[in-house]
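**Student:** Below you will find the structure I want to go over with you.
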Amino acid sequence: AGHTDVVTFPQPVRVHGFLVVPNGHTPHPVLQSFSGKTAPDNFALELVAVPYLAAKPSLSRMFTSSSAPPAELVHLHPPVLTAQILVRGGYQSLSLCICLLYTSDAADEEDSVDLGGRRIIKKKSYR
């Protein structure tokens, strides 16, 4: 049996990538106090973005794996504009970092300003 969880952002964001943090690992040297709690080691995983302000809303699959989550940062090209991500998979717990591009107004596709590049802002163990 699998889980479905929803990651909701307070405003629209452009997702540039994500990282599944293995059990006992840290996602970045700056985040030494954070330790991944992903279990088991191998499971199916799917990340789906709910489009933001789309004329005809349809889910946008960002990533799918049938046997194991990725071991490294997954870059999304082009970035995905969303305010919600559905996370589905056969995990017992999942530590996930989502990398965002901060913009002055992420909902405005034509006029975005990079205010800091990618940042790891969401870290949560799903149970």
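**Student:** Being more than 12 Å from G89 (Cα to Cα) and open to solvent by 40 Å² or more (accessible area, probe 1.4 Å) is the filter here, so list the residues in segment 55-68 that pass it.
**Tutor:** A55, K56, P57, S58, L59, S60, R61
**Student:** Right, something else. Just to be sure before I move on: is A49 on the phi < 0 side of the Ramachandran plot and buried (at least 17 other Cβ atoms within 10 Å of the Cβ) in the structure I sent?
**Tutor:** yes
**Student:** Name the pairs whose Cβ atoms lie under 8 Å apart, with the first residue in segment 2-15 and touching a residue at least 40 places away in the same chain (Cβ under 8 Å), the second surrounded by fewer than 17 Cβ atoms within 10 Å (Cβ to Cβ) and among the polar types (S, T, N, Q), and 6 or more positions between them or separate chains?
**Tutor:** V6/Q84; V7/Q84; T8/Q84; F9/Q84
**Student:** Mind listing just one residue for me: the one in segment 1-34 that is in a loop (DSSP other than H, G, I, E, B) and surrounded by fewer than 11 Cβ atoms within 10 Å (Cβ to Cβ) and, of those, modelled with the lowest pLDDT?
**Tutor:** A1
**Student:** Restricting to segment 69-100, name every residue that is of a type in the set (G, A, S), modelled with pLDDT of 90 or more and open to solvent by 30 Å² or more (accessible area, probe 1.4 Å).
**Tutor:** Passing the criteria: only G90.
**Student:** While we're looking at this one, here's another question. Does A106 qualify as being surrounded by 15 or more Cβ atoms within 10 Å (Cβ to Cβ), at pLDDT below 85, of a type outside the set (V, I, T) and in contact with a Pro (Cβ under 6 Å, 6 or more places away or on another chain)?
**Tutor:** Taking the combined requirement at face value, the residue satisfies it.
The values are calculated or read from the model by the stated rules, or taken from the named source; none is laboratory data. Just so we're clear, the structure is a prediction, and the values are computed from it rather than from any experiment. Don't worry about glycine lacking a Cβ; one is built from the backbone with ideal geometry, like all the others, and counts go over all protein chains shown. Each accessible area value is taken on the protein alone, full model and side chains, heavy atoms only, with ligands, DNA and RNA left out. Shrake-Rupley method; radii C 1.70, N 1.55, O 1.52, S 1.80 Å.
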